[in-house]
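Each remark here refers to the structure printed beneath this line.
Just so it is clear, none of the values below were taken in a lab; they were calculated from the coordinates. Here the structure is a predicted model, which means the values were calculated and not measured. When we count neighbours, we look across all protein chains shown, and the Cβ atoms used for this are built from the backbone with ideal geometry, even at glycine.
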Amino acid sequence: LKHPILKNLTGRTNDIAVLPSGKKSPGMTFYSITKKLFGDEGNVKEFVITQTQIDTFEIAYVSYVAFSESEIENIEMVFSKFLEPNLHYIFIRKPALERSKSGKLKQFQSLL
């Protein structure tokens, strides 16, 4: 062959969530879910989701108003449909989120 063939492509492993069932979910799943939940013109300005344990996700967000209890319940319900049930979510409202040196916001990362 005159052209090389790509046999394996590995992406960043810290942007894949590994769930208790063994299911793996790409970080883009979280982006898609939250875009549907929050929209572009809603209360939430920006967010970062971090998997801190196999069954626990920390959702740091910047918003005009803190989430109500019913909003949190709705968010947890939507996540359980897309991911799996019995996961734990910790919501932390912040005045600003940390960005990389380039100024980009990484919206999902796994600490596992």
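Counted by neighbouring Cβ atoms within 10 Å, the residues TYR61, TYR31 run from fewest to most as TYR31, TYR61. From helices alone, the chain scores -7500 deg cm²/dmol at 222 nm; the rule is -39500 (n - 2.57) for each run of n ≥ 4 DSSP H residues, then divide by the residue total.
Basic side chains Lys and Arg get +1 at the Cβ, acidic Asp and Glu get -1 at the Cβ, and with that the dipole of the chain about its Cα centre reaches some 820 debye.
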